[in-house]
Amino acid sequence: MASSWAPLRRPAFRSLWIATVASNVGTWMHEVGAGWLMVTLGAGPAMVALVQAAGTLPVFLLALPAGAFADIVDRRRILIATQVWMLACAASLGALTLAGAIGGWSLLAATFALNCGTAMMIPAWAAVVQELVPREELQSAVALNSVGVNVARAVGPAVAGVLVGAAGPAAAFFLNAVSFLGVVIVLTRWRREPRHGTLPAERFLGAMRAGLRYVREAPALKSVMARAAAFSLFAAATWALLPLVARAAGGGARTYGLLLALIGAGAVGGAFVLPRLRAKCSRDRLVRAATCAFAAAMLAVAVGHALAVLVPAMVVTGLAWITALSTLHVAAQTAVPAWVRARGLSIYLVTFSAGFAGGSILWGALAQRWGVTAALAMAAAGAMLTLAATRGYSLGGQEGADETAPVGWREPATAVEVEPDRGPVLVTVEYRIAPADGPAFTAAMGEVRRVRLRDGATSWGLFEDAARPGRYLESFLVESWVEHLRQHRRATVADRDVSERARRFHVGPVPPHVTHLIAAHADGIDPP
């Protein structure tokens, strides 16, 4: 098991980690400033909760196109551009606040614009982590990133509570703008290893379709998404209603900052015990335990408004939050291969953010109608119910062999050079199967179908010859010749194992016969 701190020995990861910690301090100062500014504007619970929704909704809307960009464009350039955008948004919000030109809806609009940059950045950053550390250090790298966020969560709100109380929210917004400069400098100096390939880059819309097609046929990733949506929907209540909890406790911006800092402290403490927990527990057990702890903390916040209750509840919240998030995030990272990693992670993030944004709106509306205490109590009960509802969605156990490692298949032989954009391409594979093995072979080919569709096929079929028992013909369509070549290079260890299990049923002196048929004209037929 890799040391929790091993990734920090790698210069590129260490520099980016330090810079992002500083940037996250600014981000959490912004969170305190924006949340408390909305409270001081006299907004009700629904508007206060919308601050959290405005921060997460951009991820829901933009994560998929951001993931497609991150898989086909230089991720380093994407990261630099998004940091510059967020710097400009934070500085503009600070200027508007200082001028007294900010209201409830304009604050939400500015928060939304700022977090559009975050939404475009997250898939690129999540995918680039595996370029900075080897696979055996990935879990530690993800945990360290969570530690960085939560160190910032401990420091930023505490500083912001004092700063906002003394100089107003504008000061927090301006310092957030400055915090993005360090990340820009580090990214500018980072010399990312180029990814060379002989095939042309994927087109944007095609890359998005490929990402959606992959996720549709990826049970492991869909299990992670289901668990993430269930957790985020109910966990959102704590984050959305925390400014109102702080006000009910008789405090101001400093109390709100203190509560956020305690969550951060709990998360940092959790990062130290997570390696031992991961070695003893499966991912499913970790997320279930974290959900129970988070629900218990929510219930404690709902019934007790005194700091004596809120302090330990916030620490438990932080511990449960980092346990659930880092476990879910690593499960998502290890469920997708490199060629579609940013897109797969972006769709996972869409799911998480949809739950979080929807939960923020829901719990804000319920708090508006029945009060903060009732909303938090209902969220805690709902979180516990998700344990039964998601029991069938497994996250897997401890880390094993890398089944997403590429192996690639031999490229098809052709008599003449084929233009890359010609298509669609019809691929057929002829099998000879002993009649007694027919049912088992058909079942094995069900998994082959999933692989073909996941890696690029637009349709798939398996047919049995009515005149010659035991003769089966697999066929699948691919949009173009270049997409079929990509399909060969996308093959992973898991794909190879699935294909080999099906091919073991083939009998005869020669392997299954493969043919590649291309539409007679580039526009001969429309792709399905």
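Here the Karplus curve 6.51 cos²θ - 1.76 cosθ + 1.60, taken at θ = phi - 60°, turns the phi angles of segment 96-110 into couplings of 5, 5, 5, 7, x, 9, 10, x, x, 6, 5, 5, 4, 5, 5 Hz, with x standing for Gly and Pro. Estimated at 0.36 nm per residue, the fully extended path between residue 338 and residue 191 surpasses their Cα-Cα distance by 51.0 nm. Grab the other residues whose beta carbon is less than 13 angstrom from that of residue 463, score K and R as +1, D and E as -1, and report the net. Around residue 463, the surrounding residues sum to -1.
Once the Cβ-Cβ distance of residue 389 and residue 440 is raised to the sixth power relative to R0 = 35 Å, the FRET efficiency obtained is 0.55. By how many degrees, between 0 and 90 and to the nearest 10, does the Cα long axis of helix 372-389 differ from the longest principal axis of the chain? Tilt of helix 372-389: around 20 degrees.
Only the Cβ atoms of Lys and Arg (+1) and of Asp and Glu (-1) were treated as charged; on that basis the dipole of segment 226-356 about its Cα centre amounts to roughly 320 debye. Hydrodynamic estimate: the Kirkwood radius of segment 55-106 over Cα pairs, inserted into Stokes-Einstein at 10 °C and 1.306 mPa s, corresponds to D of 122 µm²/s. Stokes-Einstein, applied to the Kirkwood radius of segment 265-346 over Cα pairs at a viscosity of 0.890 mPa s and 25 °C, places its translational diffusion at 178 µm² s⁻¹. Charging the Cβ of each Asp and Glu at -1 and of each Lys and Arg at +1, and nothing else, the dipole of the chain about its Cα centre rounds to 1080 debye.
Sorted largest first, the spans of the alpha carbon positions of segment 1-147 along the three principal axes are 51, 31, 25 Å. For segment 13-61, the solvent-accessible area works out to 31 Å² per residue, with a probe of 1.4 Å and every protein chain left in place.
Here the gap between residue 458 and residue 280, fully extended at 0.36 nm per residue and compared with their Cα-Cα distance, gives a gain of 59.9 nm. For segment 402-454 and segment 44-65, compute the distance between their C-alpha centroids and round to whole Å. Their Cα centres are 42 Å away from one another.
Only helical DSSP H runs with n ≥ 4 go in: add -39500 (n - 2.57) per run for the chain, normalise by residue count and round the 222 nm mean residue ellipticity to 500 deg cm²/dmol.
Taking each H run of at least 4 residues, the total per residue is -24500 deg cm²/dmol.
Rolling a 1.4 Å probe over the protein chains gives residue 499 an accessible area of about 20 Å². Based on protein heavy atoms only, segment 309-419 ends up with 43 Å² per residue of surface accessible to a 1.4 Å probe. Applying the Karplus relation 6.51 cos²θ - 1.76 cosθ + 1.60 with θ = phi - 60° to segment 11-18 yields 3J(HN,Hα) values of x, 5, 5, 4, 5, 5, 5, 4 Hz, where x marks Gly and Pro.
Sorting 133, 151 by solvent-accessible area of protein heavy atoms yields 151, 133, largest first, with a 1.4 Å probe.
Could you tell me how many degrees, from 0 to 90 and to the nearest 10, lie between the Cα long axis of helix 283-303 and the main elongation axis, the longest principal axis, of the Cα atoms of the chain? Approximately 30 degrees, to the nearest 10. Rounded to the nearest 10 degrees, the inclination of helix 45-72 to the longest alpha-carbon principal axis of the chain is 30 degrees.
The residue list 265, 377, 60 was ranked by how far each Cα lies along the charge dipole of the chain toward its positive end, using unit charges on Cβ atoms, and 265 comes out on top.
If you roll a 1.4 angstrom probe over the protein chains with everything in place, what fraction of the accessible area of the chain belongs to carbon and sulfur, to the nearest %? Solvent-exposed carbon and sulfur of the chain make up 64 percent of the total. Our summary of shape: the Cα atoms of segment 94-182 have principal axis extents of 51, 26, 21 Å, ordered from largest down, in whole angstrom. Using every pair of separate Cα atoms, the Kirkwood estimate puts the hydrodynamic radius of segment 80-135 at 12.7 angstrom. Heavy-atom accessible area with a 1.4 Å probe sorts 437, 71, largest first, into 437, 71. Ordered from highest to lowest accessible area with the whole protein assembly present and a 1.4 Å probe, 460, 363 read as 460, 363.
Once Rh is set to the Kirkwood radius over Cα pairs, what Stokes-Einstein translational diffusion coefficient, in µm²/s, holds for the chain at a temperature of 37 °C and a viscosity of 0.692 mPa s? Could the numbers behind the result be given before it?
Values: Rh = 24.8 Å.
Estimated via Stokes-Einstein, D reaches 133 µm²/s.
Note on segment 308-346 and segment 205-263: Cα centroid distance 9 Å, given to the nearest whole angstrom.
Computed about its Cα centre, the charge dipole of segment 307-412 is approximately 300 debye, with only Lys, Arg, Asp and Glu carrying charge at their Cβ.
Under the definition of Cα pairs under 8 Å and six or more residues apart, what whole-number percent is the relative contact order of the chain? Computed over the chain, the figure is 20 percent.
The values are calculated or read from the model by the stated rules, or taken from the named source; none is laboratory data. Remember, it's a predicted structure, so these values are computed and weren't measured experimentally. Because the Cβ atoms are built from the backbone with ideal geometry, glycine has one as well, and the counts that use them run over all protein chains shown. Areas reflect the complete protein model, heavy atoms only, side chains present, ligands, DNA and RNA absent. Shrake-Rupley method; radii C 1.70, N 1.55, O 1.52, S 1.80 Å.
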